[in-house]
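J.: Below you'll find the structure I mean.
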Amino acid sequence: MGYPQNRMRRLRSSQAVRRLVSETSLCADNFIYPLFVKSGKGIKEPIKSLTDSYYFSPDSIAAEVEQIYSLGIPAVLLFGHPSQKDDIASQSWSEDGTVQQAIKQIKQRVPQIAIITDVCLCAYTKNGHCGIIKDGKIDNDATCQSLAKVALSHAQAGADIVAPSDMMDGRVKFIRECLEENGFPDVGIMSYAAKYASSFYGPFRDAADSSPAFGDRKSYQMDTANVRQALREIELDIEEGADIVMIKPALSFLDVICKAKEKFSCPVAAYNVSGEYMMIIKAAENGVLDKNAAMMEVLYSIKRAGADIIISYFAKEAAKLLSK
Ligand code: PBG
(Lines give C-alpha, C1' and ligand atoms only; values in the text may rest on other atoms or scores of the structure.)
Protein backbone atom coordinates (compact mmCIF):
# COMPACT_ATOMS: atom_id res chain seq x y z
CA MET A 1 0.00 0.00 0.00
CA GLY A 2 2.60 2.50 1.10
CA TYR A 3 0.20 5.26 2.10
CA PRO A 4 1.51 7.42 4.95
CA GLN A 5 -0.24 6.51 8.25
CA ASN A 6 0.95 9.56 10.07
CA ARG A 7 -0.39 12.47 8.11
CA MET A 8 0.79 15.44 10.13
CA ARG A 9 -0.92 17.73 7.66
CA ARG A 10 -4.32 16.70 9.09
CA LEU A 11 -3.60 19.00 12.02
CA ARG A 12 -2.73 21.87 9.71
CA SER A 13 -5.71 21.56 7.42
CA SER A 14 -7.68 24.63 8.51
CA GLN A 15 -7.17 27.67 10.62
CA ALA A 16 -9.62 26.32 13.20
CA VAL A 17 -7.70 23.05 13.56
CA ARG A 18 -4.41 24.93 13.69
CA ARG A 19 -5.82 27.10 16.48
CA LEU A 20 -7.04 24.03 18.31
CA VAL A 21 -3.62 22.38 18.40
CA SER A 22 -1.55 25.52 18.94
CA GLU A 23 0.98 24.80 21.69
CA THR A 24 1.95 28.38 22.50
CA SER A 25 -0.32 31.27 23.30
CA LEU A 26 0.73 34.85 23.02
CA CYS A 27 -1.36 37.76 24.24
CA ALA A 28 -1.03 41.38 25.33
CA ASP A 29 -0.74 40.20 28.96
CA ASN A 30 2.73 38.90 28.16
CA PHE A 31 4.16 42.25 27.15
CA ILE A 32 6.04 45.13 28.72
CA TYR A 33 6.44 48.26 26.60
CA PRO A 34 9.63 50.33 27.02
CA LEU A 35 9.32 54.13 27.17
CA PHE A 36 11.87 56.95 27.28
CA VAL A 37 11.34 59.98 29.51
CA LYS A 38 13.07 63.24 28.69
CA SER A 39 13.11 66.37 30.81
CA GLY A 40 11.04 69.27 29.54
CA LYS A 41 7.40 70.05 28.88
CA GLY A 42 4.92 68.95 26.24
CA ILE A 43 7.45 66.70 24.50
CA LYS A 44 6.59 63.87 22.12
CA GLU A 45 9.67 63.63 19.95
CA PRO A 46 10.53 60.77 17.57
CA ILE A 47 13.62 58.75 18.50
CA LYS A 48 15.77 58.62 15.37
CA SER A 49 17.47 55.33 16.08
CA LEU A 50 14.28 53.54 17.17
CA THR A 51 11.54 53.76 14.56
CA ASP A 52 8.04 54.49 15.96
CA SER A 53 9.40 55.19 19.47
CA TYR A 54 9.26 58.63 21.09
CA TYR A 55 10.73 60.60 23.95
CA PHE A 56 8.03 61.88 26.27
CA SER A 57 8.31 64.53 28.93
CA PRO A 58 6.87 63.66 32.35
CA ASP A 59 3.77 65.77 31.67
CA SER A 60 2.99 64.11 28.33
CA ILE A 61 3.81 60.48 29.09
CA ALA A 62 0.64 59.57 31.00
CA ALA A 63 -1.57 60.02 27.93
CA GLU A 64 0.64 57.58 26.03
CA VAL A 65 0.56 55.11 28.92
CA GLU A 66 -3.22 55.29 28.95
CA GLN A 67 -3.26 54.14 25.32
CA ILE A 68 -0.77 51.39 26.02
CA TYR A 69 -2.95 50.13 28.87
CA SER A 70 -6.04 50.28 26.66
CA LEU A 71 -4.32 47.85 24.27
CA GLY A 72 -4.24 45.33 27.12
CA ILE A 73 -0.54 45.73 27.92
CA PRO A 74 -0.17 45.46 31.71
CA ALA A 75 3.20 47.17 32.24
CA VAL A 76 5.63 49.79 31.00
CA LEU A 77 9.39 49.96 31.54
CA LEU A 78 10.73 53.50 32.00
CA PHE A 79 14.14 54.78 30.96
CA GLY A 80 15.39 58.28 31.76
CA HIS A 81 17.06 60.73 29.44
CA PRO A 82 18.35 63.40 31.84
CA SER A 83 19.29 66.98 30.99
CA GLN A 84 22.51 66.81 33.01
CA LYS A 85 25.17 64.18 33.53
CA ASP A 86 28.01 64.02 36.05
CA ASP A 87 30.50 61.51 37.46
CA ILE A 88 28.23 60.22 40.21
CA ALA A 89 24.95 60.03 38.23
CA SER A 90 23.23 62.35 40.70
CA GLN A 91 20.22 62.91 38.45
CA SER A 92 19.42 59.22 38.65
CA TRP A 93 18.19 59.39 42.25
CA SER A 94 17.00 62.98 42.30
CA GLU A 95 13.54 63.32 43.84
CA ASP A 96 12.44 65.50 40.94
CA GLY A 97 14.35 63.58 38.24
CA THR A 98 12.57 62.88 34.95
CA VAL A 99 11.73 59.25 35.73
CA GLN A 100 10.56 60.11 39.25
CA GLN A 101 8.26 62.82 37.87
CA ALA A 102 6.96 60.53 35.15
CA ILE A 103 6.12 57.81 37.69
CA LYS A 104 3.97 60.26 39.67
CA GLN A 105 2.14 61.45 36.56
CA ILE A 106 1.43 57.91 35.40
CA LYS A 107 0.29 56.77 38.86
CA GLN A 108 -2.21 59.61 38.96
CA ARG A 109 -3.68 59.05 35.51
CA VAL A 110 -3.31 55.28 34.95
CA PRO A 111 -3.09 53.75 38.44
CA GLN A 112 -3.98 50.28 37.09
CA ILE A 113 -0.82 49.82 35.00
CA ALA A 114 2.33 48.31 36.53
CA ILE A 115 5.19 50.79 36.46
CA ILE A 116 8.60 49.18 36.11
CA THR A 117 11.72 51.35 36.12
CA ASP A 118 15.14 50.64 34.70
CA VAL A 119 17.72 51.12 37.45
CA CYS A 120 21.14 51.91 36.02
CA LEU A 121 23.66 54.73 35.91
CA CYS A 122 24.83 54.68 32.28
CA ALA A 123 22.42 57.36 31.00
CA TYR A 124 23.38 59.59 33.95
CA THR A 125 27.17 59.33 34.04
CA LYS A 126 29.40 61.43 31.80
CA ASN A 127 31.47 58.36 30.96
CA GLY A 128 28.42 56.31 29.92
CA HIS A 129 29.32 53.32 32.10
CA CYS A 130 26.79 51.51 34.26
CA GLY A 131 28.84 52.16 37.40
CA ILE A 132 30.93 54.57 39.42
CA ILE A 133 34.53 54.74 38.24
CA LYS A 134 37.42 54.66 40.69
CA ASP A 135 41.01 54.54 39.46
CA GLY A 136 39.85 53.75 35.93
CA LYS A 137 37.75 50.76 37.04
CA ILE A 138 34.07 50.26 37.79
CA ASP A 139 33.77 50.13 41.57
CA ASN A 140 31.28 47.32 42.20
CA ASP A 141 30.24 48.06 45.78
CA ALA A 142 30.13 51.85 45.45
CA THR A 143 27.91 51.31 42.39
CA CYS A 144 25.58 49.01 44.33
CA GLN A 145 25.05 51.73 46.93
CA SER A 146 24.14 54.24 44.23
CA LEU A 147 21.81 51.76 42.54
CA ALA A 148 20.00 51.18 45.83
CA LYS A 149 19.50 54.95 46.09
CA VAL A 150 18.07 55.05 42.56
CA ALA A 151 15.72 52.14 43.27
CA LEU A 152 14.55 53.77 46.51
CA SER A 153 13.84 57.07 44.75
CA HIS A 154 11.74 55.20 42.18
CA ALA A 155 9.87 53.35 44.93
CA GLN A 156 9.22 56.62 46.76
CA ALA A 157 7.80 58.10 43.55
CA GLY A 158 5.45 55.10 43.24
CA ALA A 159 7.18 52.48 41.07
CA ASP A 160 5.74 48.98 41.41
CA ILE A 161 8.81 47.09 40.25
CA VAL A 162 12.44 48.18 39.88
CA ALA A 163 14.67 46.61 37.24
CA PRO A 164 18.43 46.84 37.81
CA SER A 165 20.24 46.53 34.45
CA ASP A 166 23.84 47.20 35.49
CA MET A 167 25.16 43.65 36.14
CA MET A 168 27.11 44.58 39.29
CA ASP A 169 27.56 41.71 41.76
CA GLY A 170 25.25 41.77 44.76
CA ARG A 171 23.11 44.67 43.62
CA VAL A 172 19.83 42.84 44.07
CA LYS A 173 20.68 42.28 47.75
CA PHE A 174 21.65 45.93 48.23
CA ILE A 175 18.41 47.06 46.61
CA ARG A 176 16.22 44.56 48.48
CA GLU A 177 17.69 45.55 51.84
CA CYS A 178 17.38 49.24 51.07
CA LEU A 179 13.72 48.84 50.07
CA GLU A 180 12.96 46.81 53.22
CA GLU A 181 14.72 49.25 55.54
CA ASN A 182 12.90 52.22 54.08
CA GLY A 183 9.40 50.80 54.22
CA PHE A 184 8.96 49.46 50.68
CA PRO A 185 8.80 45.69 51.20
CA ASP A 186 6.16 45.33 48.46
CA VAL A 187 8.16 46.80 45.62
CA GLY A 188 9.21 44.04 43.23
CA ILE A 189 12.59 43.48 41.66
CA MET A 190 12.88 42.32 38.06
CA SER A 191 16.60 41.80 37.67
CA TYR A 192 18.42 41.84 34.37
CA ALA A 193 19.93 38.62 35.65
CA ALA A 194 21.68 37.28 32.56
CA LYS A 195 22.55 40.31 30.50
CA TYR A 196 25.08 39.76 27.75
CA ALA A 197 27.62 42.22 26.33
CA SER A 198 25.72 42.38 23.07
CA SER A 199 26.08 44.25 19.80
CA PHE A 200 22.28 44.50 19.62
CA TYR A 201 22.03 47.43 22.07
CA GLY A 202 23.23 50.00 19.52
CA PRO A 203 19.92 51.75 18.74
CA PHE A 204 19.07 51.91 22.44
CA ARG A 205 22.40 53.49 23.33
CA ASP A 206 21.77 56.15 20.71
CA ALA A 207 18.31 56.72 22.12
CA ALA A 208 19.47 56.84 25.74
CA ASP A 209 22.77 58.57 24.92
CA SER A 210 24.45 55.92 27.05
CA SER A 211 27.37 54.57 25.03
CA PRO A 212 30.50 54.05 27.11
CA ALA A 213 32.95 56.91 26.48
CA PHE A 214 35.88 54.49 26.80
CA GLY A 215 36.27 50.72 26.68
CA ASP A 216 33.24 48.42 26.65
CA ARG A 217 30.92 46.68 29.10
CA LYS A 218 32.64 43.29 29.00
CA SER A 219 33.92 43.51 32.58
CA TYR A 220 30.33 43.47 33.85
CA GLN A 221 28.00 42.12 31.14
CA MET A 222 28.22 38.45 30.20
CA ASP A 223 30.24 36.75 27.49
CA THR A 224 28.13 35.39 24.61
CA ALA A 225 29.80 32.00 24.87
CA ASN A 226 28.42 31.22 28.34
CA VAL A 227 25.23 29.51 29.44
CA ARG A 228 26.05 27.78 32.76
CA GLN A 229 27.28 31.13 34.00
CA ALA A 230 23.91 32.62 33.11
CA LEU A 231 22.16 30.04 35.28
CA ARG A 232 24.50 30.90 38.15
CA GLU A 233 23.76 34.63 37.69
CA ILE A 234 20.03 33.91 37.79
CA GLU A 235 20.36 31.65 40.84
CA LEU A 236 22.25 34.34 42.74
CA ASP A 237 19.70 37.03 41.87
CA ILE A 238 16.86 34.83 43.10
CA GLU A 239 18.74 34.15 46.34
CA GLU A 240 19.30 37.88 46.77
CA GLY A 241 15.60 38.66 46.41
CA ALA A 242 14.69 39.05 42.74
CA ASP A 243 11.02 38.32 41.96
CA ILE A 244 11.38 38.13 38.17
CA VAL A 245 14.57 37.27 36.30
CA MET A 246 15.36 38.56 32.85
CA ILE A 247 17.50 37.30 30.02
CA LYS A 248 18.76 39.84 27.54
CA PRO A 249 18.93 39.96 24.55
CA ALA A 250 16.29 37.39 23.63
CA LEU A 251 17.02 36.09 20.15
CA SER A 252 20.68 35.12 20.39
CA PHE A 253 19.95 33.59 23.80
CA LEU A 254 16.82 31.49 23.34
CA ASP A 255 18.70 28.50 24.77
CA VAL A 256 19.34 30.46 27.97
CA ILE A 257 15.64 31.33 28.25
CA CYS A 258 14.75 27.69 27.77
CA LYS A 259 17.19 26.42 30.40
CA ALA A 260 16.22 29.14 32.89
CA LYS A 261 12.56 28.21 32.53
CA GLU A 262 13.32 24.54 33.17
CA LYS A 263 15.48 25.21 36.20
CA PHE A 264 13.71 28.02 38.07
CA SER A 265 10.13 28.49 39.12
CA CYS A 266 9.98 32.28 39.22
CA PRO A 267 8.71 34.22 36.20
CA VAL A 268 11.22 34.49 33.37
CA ALA A 269 11.33 37.67 31.28
CA ALA A 270 13.18 38.20 28.02
CA TYR A 271 14.18 41.51 26.47
CA ASN A 272 13.65 41.67 22.70
CA VAL A 273 16.21 44.46 22.43
CA SER A 274 16.56 47.50 20.21
CA GLY A 275 18.88 45.90 17.63
CA GLU A 276 16.59 42.90 17.25
CA TYR A 277 13.71 45.28 16.68
CA MET A 278 15.49 47.54 14.20
CA MET A 279 16.85 44.56 12.26
CA ILE A 280 13.27 43.66 11.32
CA ILE A 281 12.18 47.27 10.77
CA LYS A 282 15.07 47.95 8.39
CA ALA A 283 14.72 44.66 6.55
CA ALA A 284 11.01 45.34 6.07
CA GLU A 285 11.74 48.88 4.86
CA ASN A 286 14.04 47.36 2.28
CA GLY A 287 11.41 44.90 1.13
CA VAL A 288 13.38 41.93 2.42
CA LEU A 289 10.63 40.58 4.68
CA ASP A 290 7.11 41.21 5.93
CA LYS A 291 7.28 43.21 9.18
CA ASN A 292 4.21 41.88 10.96
CA ALA A 293 4.88 38.26 10.05
CA ALA A 294 8.51 38.50 11.16
CA MET A 295 7.50 40.30 14.36
CA MET A 296 5.00 37.59 15.32
CA GLU A 297 7.43 34.79 14.47
CA VAL A 298 10.07 36.33 16.71
CA LEU A 299 7.66 37.00 19.59
CA TYR A 300 6.30 33.44 19.42
CA SER A 301 9.84 32.06 19.42
CA ILE A 302 10.65 33.94 22.62
CA LYS A 303 7.45 32.74 24.28
CA ARG A 304 7.96 29.18 23.05
CA ALA A 305 11.52 29.17 24.41
CA GLY A 306 10.02 29.77 27.85
CA ALA A 307 9.65 33.49 28.47
CA ASP A 308 6.59 34.35 30.55
CA ILE A 309 7.14 38.04 29.91
CA ILE A 310 8.47 39.79 26.79
CA ILE A 311 9.81 43.32 26.83
CA SER A 312 9.55 44.61 23.28
CA TYR A 313 9.32 47.77 21.18
CA PHE A 314 6.87 45.67 19.14
CA ALA A 315 4.48 45.29 22.10
CA LYS A 316 1.91 47.83 20.93
CA GLU A 317 1.84 46.59 17.33
CA ALA A 318 1.65 42.99 18.43
CA ALA A 319 -1.11 43.66 20.94
CA LYS A 320 -3.16 45.32 18.20
CA LEU A 321 -2.66 42.37 15.85
CA LEU A 322 -3.44 39.80 18.53
CA SER A 323 -6.72 41.48 19.43
CA LYS A 324 -8.05 41.01 15.89
C1 PBG B 1 21.33 50.11 30.39
C2 PBG B 1 20.51 49.34 29.43
C3 PBG B 1 20.81 48.97 28.10
C4 PBG B 1 19.65 48.40 27.58
C5 PBG B 1 18.70 48.40 28.60
N6 PBG B 1 19.25 48.96 29.74
C7 PBG B 1 22.02 49.19 27.27
C8 PBG B 1 23.34 48.69 27.68
O9 PBG B 1 23.50 47.88 28.59
O10 PBG B 1 24.29 49.18 27.06
C11 PBG B 1 19.49 47.92 26.18
C12 PBG B 1 18.08 47.81 25.68
C13 PBG B 1 17.93 47.66 24.22
O14 PBG B 1 18.90 47.54 23.45
O15 PBG B 1 16.77 47.68 23.78
N16 PBG B 1 22.22 49.41 31.15
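The values are calculated or read from the model by the stated rules, or taken from the named source; none is laboratory data. The structure displayed is predicted, hence computed values, not measured ones. Reconstructed Cβ throughout: ideal geometry from the backbone, glycine too, with neighbour counts over all protein chains shown. Each accessible area value is taken on the protein alone, full model and side chains, heavy atoms only, with ligands, DNA and RNA left out. Shrake-Rupley method; radii C 1.70, N 1.55, O 1.52, S 1.80 Å.
J.: Take the chain, connect every pair of alpha-carbon atoms lying under 10 Å apart with a spring to form a Gaussian network, then pick out the residue of Ile310, Ile88, Ile244 with the largest mean-square fluctuation.
T.: In this elastic network of the chain, the residue with the biggest mean-square fluctuation among Ile310, Ile88, Ile244 is Ile88.
J.: Classify the stretch 123-170: rounded, prolate or oblate, from the alpha-carbon gyration tensor (a ≥ b ≥ c, eigenvalue square roots; a/c under 1.5 rounded; otherwise prolate if a/b is larger than b/c)? Before the final figure, lay out the partial values.
T.: Details: a/c = 2.43, a/b = 1.95, b/c = 1.25.
Here the stretch 123-170 falls in the prolate category.
J.: On the accessible surface of the stretch 15-131, probed at 1.4 Å, how many percent belong to carbon and sulfur atoms? Intermediate values should be presented prior to the final figure.
T.: Values: 2410 of 5230 Å².
Reported share for carbon and sulfur atoms: 46 percent.
J.: Treating the beta-carbon of each Lys and Arg as +1 and of each Asp and Glu as -1, no other charges, what is the dipole magnitude of the stretch 210-264 about its Cα centre, to the nearest 20 debye?
T.: Details: 8 positive and 10 negative charges, 47 e Å.
That gives the stretch 210-264 a dipole magnitude of about 220 debye.
J.: Explain nothing, just compute: Karplus ³J(HN,Hα) = 6.51 cos²θ - 1.76 cosθ + 1.60, θ = phi - 60°, for every residue of the stretch 156-164 in order, whole Hz, x for Gly and Pro.
T.: 4, 6, x, 4, 8, 9, 10, 10, x
J.: Continuing with this model, one more query. Out of residues 5 or more away from Ser53 or on other chains, whose amide H comes under 5 Å of its own, with H placed 1.01 Å from N in the peptide plane?
T.: Close amide H contacts, sequence-distant or interchain: Ile47.
J.: Spelling out what I want: for every residue of the stretch 79-89, take phi, set θ = phi - 60°, compute 6.51 cos²θ - 1.76 cosθ + 1.60 (Karplus), and round to whole Hz; glycine and proline get x.
T.: 10, x, 10, x, 7, 10, 10, 8, 7, 10, 6
J.: With the dipole of the chain worked out from charges on the C-beta (+1 for Lys and Arg, -1 for Asp and Glu) around the Cα centre, which of Gly80, Ala270, Ile116 lies farthest toward the positive end?
T.: In the chain, that residue is Ala270.
J.: Same structure again: Using a 1.4 Å probe, how large is the accessible area of Asp169, given in Å² and rounded to the nearest 10?
T.: For Asp169, the solvent-accessible surface is approximately 100 Å².
J.: Amide H of Tyr196 versus every other amide H placed in the peptide plane: which residues, excluding those fewer than 5 positions away on the same chain, fall under 5 Å?
T.: Sorted by chain and number, the residues that satisfy this are Met222, Lys248.
J.: How much length is gained if the chain between Ser70 and Asp209 is pulled fully straight, taking 0.36 nm per residue apart and subtracting their Cα-Cα distance, in nm to one decimal?
T.: Values: separation 139, 0.36 × 139 = 50.04 nm, distance 3.00 nm.
Extending this stretch completely gives an extra 47.0 nm.
J.: Which of the listed residues, Tyr55, Gln101, Gln145, is farthest toward the dipole's positive end in the chain, when Lys, Arg count +1 and Asp, Glu count -1 at the beta-carbon?
T.: Tyr55
J.: Read phi for every residue in the stretch 199-209 and hand back ³J(HN,Hα) as whole Hz from Karplus 6.51 cos²θ - 1.76 cosθ + 1.60, θ = phi - 60°, with x for Gly and Pro.
T.: Values per residue, Gly and Pro as x: 7, 8, 8, x, x, 5, 5, 4, 4, 8, 6 Hz.
J.: Also: Could you pull out the longest piece of the chain with no exposed loop GluC sites (Glu not before Pro) in it, calling a site exposed if DSSP puts it outside H, G, I, E, B and it has at most 11 other Cβ atoms within 10 Å? Let's see the in-between values first.
T.: On the way: sites that count: Glu23, Glu95.
That would be 96-324.
J.: With +1 on each Lys and Arg Cβ and -1 on each Asp and Glu Cβ, and nothing else charged, work out how big the dipole of the chain is about its Cα centre, in Debye to the nearest 20.
T.: Magnitude of the dipole: close to 1480 debye.
J.: Still on this structure, please answer the following. Whose amide H sits under 5 Å from the amide H of Phe31, counting only residues 5 or more places off or on another chain, with H placed in the peptide plane?
T.: Distant-sequence amide H within range of Phe31: Ile310.
J.: How much length, in nm to one decimal, is gained on full extension between Glu95 and Gln15, taken as 0.36 nm per residue of separation minus their Cα-Cα distance?
T.: In short, 23.5 nm is gained.
J.: I want to verify the translational diffusion coefficient of the chain in µm²/s; compute it with Stokes-Einstein, Rh as the Kirkwood radius over Cα pairs, at 25 °C and 0.890 mPa s. If you can, show how the numbers build up before the last one.
T.: Details: Rh = 20.3 Å.
Stokes-Einstein gives a translational diffusion coefficient of 121 µm²/s.
J.: Take every DSSP beta bridge with both residues inside the stretch 26-322 and express the antiparallel ones as a percent of the total, to the nearest 5.
T.: Details: 5 of 40 bridges.
Of all bridge pairs located within the stretch 26-322, approximately 10 percent are antiparallel.
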